[in-house]
Structure formats: C-alpha cells, structure tokens
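A short write-up of the structure that comes next.
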Amino acid sequence: MPRVFSGIQPSGVPTLGNYLGAIRNWVPMQNGDESLFCVVDQHAITVFQNPAELAQATREMAAALIACGLDPARCILFVQSHVPAHVRLAWIFNCVARLGWLNRMTQFKDKAGKDREAASTGLYVYPNLMAADIHAYHATSVPVGDDQRQHLELANDIAEKFNHDYGVAFFPRIEPMILGVAARVMSLRDGTKKMSKSDPSDQSRINLTDDADSIAQKIRRARTDAEPLPSEVAGLEGRAEARNLVGILAAITDTDAAGVLRLYGGSGFGAFKDTLAEALVAHLSPIAGEMRRLLADPGAVDAALHLGAERAAAIADPIVAEAERLVGFLPPR
Ligand code: AQP
C-alpha cells in the first residue's frame with residue numbers, strides 16, 4: 001500500500017464536511033508508519049488565530065480525529081509545527097514554485113476575498129507548505145475533499161520541477177484520492193458555498209461537537225426550495241440545497257443519492273429533515289461523547305501527539321536532509 005498523508009487545520013471545530021469529505025475516509029487507511037495524519041497548525045495561522053484558542057483547537061482536533069476512529073497506535077498522528085522538516089522543505093518549494101502557478105489557486109482567491117493586498121503572504125504560499133507536508137514523507141496517496149484537487153496538482157508540478165532542476169527522480173508523483181458520495185458538503189445556508197469550520201455563521205454548518213438539539217435545529221432551518229424532493233437524481237439539477245441535504249443523508253446512511261430518492265422522492269422537506277436530523281444525531285453523538293472523554297485528560301492527548309511527532313520526524317528528517325543536499329546546502333554536521 002502506498003504511503004498516505006493527509007492534514008486538517010485546527011481553525012475551528014471540525015465540521016460534518018471535514019468528517020464526510022476527509023476524516024471518516026482516513027480511518028480504513030491506517031497502516032502503521034505508512035499512514036500519517038497531521039493537525040496542520042502552521043496552515044491555520046495563514047489567517048490570524050487567537051493564540052490561546054489555536055492551542056486548544058489543536059488539541060481538540062486531535063481528540064476529534066481519535067474519536068472518529070484514528071488510533072495513534074495504528075497510524076502516525078501528529079502536529080505539523082512539532083516536525084520542523086515541513087517548513088525546511090516548504091522554503092525550498094517556495095523557491096521552486098512559480099508566481100504564475102500560485103496566481104491560479106482558486107482557494108487563495110476565495111479566502112483572500114476582495115482585499116487581496118491585505119491577505120498574509122503565508123496564505124499565498126500555503127500550497128507550497130502543503131506540497132512539503134506530503135513530499136517530506138515521499139507520500140504518494142493523499143485523501144482529500146474535492147476542494148483540494150488543485151493544490152495537489154500544484155504539488156505534482158513542484159515535484160516535477162524540483163526533479164527536473166536538480167536532475168534527479170527524487171520526489172514521486174502524488175495521487176489524490178477524492179472519496180465518497182459527499183466529497184463536497186455545502187453550507188446549510190447557501191448550497192453554492194462549501195461548509196467551512198471558519199464560516200462566520202454557526203448555522204451554516206454541523207460541528208462534530210454539536211448536541212442533538214443544535215443538530216435538529218440547524219437542519220430544520222437549513223435553506224431549501226419549495227418543491228418536494230424529486231424521485232430521480234436528474235431532478236436535483238439546479239437545486240443546490242436539496243442536492244446537498246440528499247447527499248448528506250446518502251453519505252451518513254452509506255447509500256447514494258438515487259437510494260435516498262427511492263425512499264423520499266415526492267416527500268416535502270419537513271419529514272425529510274426530521275429523518276436527516278435523526279440520522280445525524282445517531283451518527284455524531286457517540287463521536288462528541290468520545291471527544292469529551294478524551295479531552296478530560298489533555299495530557300494523554302498531548303503525549304500521543306508527541307510520540308506521533310517523533311515517529312513522523314524519523315521518516316521526514318532524512319528525506320528533507322537529502323533534498324537540502326541536492327539543492328547544495330552544506331551539511332549542518
Ligand atoms: N465542505 C467540505 N466537504 C468535503 N470535504 C471538506 N473538507 C473541508 N471542507 C469540506 C476537507 O477537509 C479536509 C481538511 O480541511 P482543512 O481543515 O485543512 O481546510 P479546509 O478545506 O479549508 O476546511 P474548512 O473546514 O473549510 O476550514 P477553514 O474554514 O479553516 O478554511 C480537507 O481534505 C478538505 O478537503
């Protein structure tokens with residue numbers, strides 16, 4: 001099995017989008033030292049984070065990953081800033097990637113908003129650090145949501161240019177793994193925007209820590225249109241909000257949109273939303289409970305992360321040292 005790497009930002013509480021598009025798909029990929037899952041705090045500060053909240057969110061994210069089924073004994077679970085090899089390689093990649101390539105990144109345009117001059121330079125070079133996260137381990141398999149596809153193409157362009165410039169086949173090609181029927185979960189308030197943990201509106205998302213009442217209330221208030229659900233998938237065309245809710249129920253009940261519409265085609269949204277809320281509560285409540293149990297002993301979570309960082313560094317340090325040697329840096333010792 002190829003080496004797997006994936007990361008998640010501690011920029012808030014993980015959402016249903018992070019869970020269905022990423023975390024839940026990581027669980028069956030656990031394969032000892034061949035599977036690395038990283039809480040990417042250095043990516044998170046590309047947008048200002050309150051320091052005390054960032055530290056807490058980093059630990060909470062690790063607890064969420066463990067509660068969702070990642071076992072620190074069966075994979076390498078760690079925090080990005082604990083392994084300096086990532087930023088060492090990112091600097092080299094800053095010098096390999098071309099401005100024109102970064103200018104095309106749609107996530108930068110989305111996150112920077114209208115006032116691009118005011119965005120951090122970290123946000124701009126974020127994809128170079130992401131490429132370094134992966135290539136520092138010679139990982140070739142990267143499970144991500146659909147929104148990250150463009151960044152992975154860039155990571156391959158960087159590797160190819162590095163290999164070309166230095167005349168070696170050092171960094172392998174990465175294969176994105178875009179998984180699941182809910183590869184892109186959309187905001188509950190706007191079916192054209194993805195669900196995000198940093199969306200200013202808490203009503204736009206389901207957090208993995210939400211209690212049953214909040215989940216039911218958010219689903220009840222989720223935006224929809226006035227038509228009943230169609231019986232065929234083609235009938236969801238042009239109905240972004242309906243498509244999103246159908247997709248969520250499909251993902252949570254391990255079926256597809258056609259399977260959901262076979263059962264609920266012709267129903268109004270009232271009854272459908274009740275079913276969806278019940279399914280979400282049944283699925284997510286045990287995760288929230290396990291997170292609370294883990295966070296009651298923060299020292300144990302931190303200890304697992306420290307051990308994960310040591311195992312990660314043991315893989316990344318020699319790879320990044322070799323990249324530095326290829327570039328021409330004098331060996332430090
Ligand atoms: N709405 C989504 N649907 C499916 N997958 C999603 N992912 C994020 N949102 C959705 C996937 O979750 C993984 C971790 O993402 P991240 O935390 O590194 O960054 P992000 O994609 O920017 O996620 P958020 O929630 O939108 O965070 P903020 O609000 O901080 O920007 C990735 O694999 C991503 O594809």
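Within the range 271-281, is there a residue that is within 16 Å of the ligand (Cβ to nearest atom) and not hydroxyl-bearing (Ser, Thr, Tyr)? So far as the range 271-281 goes, yes, one or more of its residues are within 16 Å of the ligand (Cβ to nearest atom) and not hydroxyl-bearing (Ser, Thr, Tyr).
Reported count of residues in the range 294-315, each being without any contact (Cβ under 8 Å) to a residue 24 or more places away in the chain and of a type in the set (D, E, K, R), is 2. A search for C-beta distances below 9 Å between a residue of the range 206-226 that is in a loop (DSSP other than H, G, I, E, B) and any residue that is basic (Lys, Arg) and surrounded by 15 or more Cβ atoms within 10 Å (Cβ to Cβ), counting only pairs 6+ apart in sequence or on different chains, returns Ile206/Lys218; Asp210/Lys218; Ala222/Arg189; Ala222/Lys273; Arg223/Arg189; Thr224/Arg239; Thr224/Lys273; Asp225/Arg239.
Against the conditions (1) more than 13 Å from the ligand (Cβ to nearest atom); (2) in a helix (DSSP H, G or I); (3) within 18 Å of Arg3 (Cα to Cα), Ala139 satisfies every one except (2). Would the range 179-197 turn up any residue that is part of a helix (DSSP H, G or I), within 12 Å of the ligand (Cβ to nearest atom) and modelled with pLDDT under 95? Looking for residues that are part of a helix (DSSP H, G or I), within 12 Å of the ligand (Cβ to nearest atom) and modelled with pLDDT under 95, one finds none in the range 179-197, hence no. Among residues of the range 12-38 being more than 9 Å from the ligand (Cβ to nearest atom) and of a type in the set (Val, Ile, Thr), the one that is nearest to Gly308 (Cα to Cα) is Val27.
So that you can scan it fast, the table gives a plain yes or no per residue for (1) more than 14 Å from the chain's Cα centre (by Cα); (2) within 16 Å of the ligand (Cβ to nearest atom); (3) assigned to a helix (DSSP H, G or I); (4) surrounded by fewer than 22 Cβ atoms within 10 Å (Cβ to Cβ):
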{"position": "Pro127", "(1), (2), (3), (4)": "no, yes, yes, no"}
{"position": "Met130", "(1), (2), (3), (4)": "no, yes, yes, no"}
{"position": "Asp133", "(1), (2), (3), (4)": "no, yes, yes, no"}
{"position": "Arg149", "(1), (2), (3), (4)": "no, yes, yes, yes"}
{"position": "Leu154", "(1), (2), (3), (4)": "yes, yes, yes, yes"}
{"position": "Phe162", "(1), (2), (3), (4)": "yes, no, yes, no"}
{"position": "Asp165", "(1), (2), (3), (4)": "yes, no, yes, yes"}
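The values are calculated or read from the model by the stated rules, or taken from the named source; none is laboratory data. If you're wondering where the values come from, they're calculated on a predicted model, not measured in any experiment. Backbone-built Cβ (ideal geometry, glycine too); neighbour counts: all protein chains shown.
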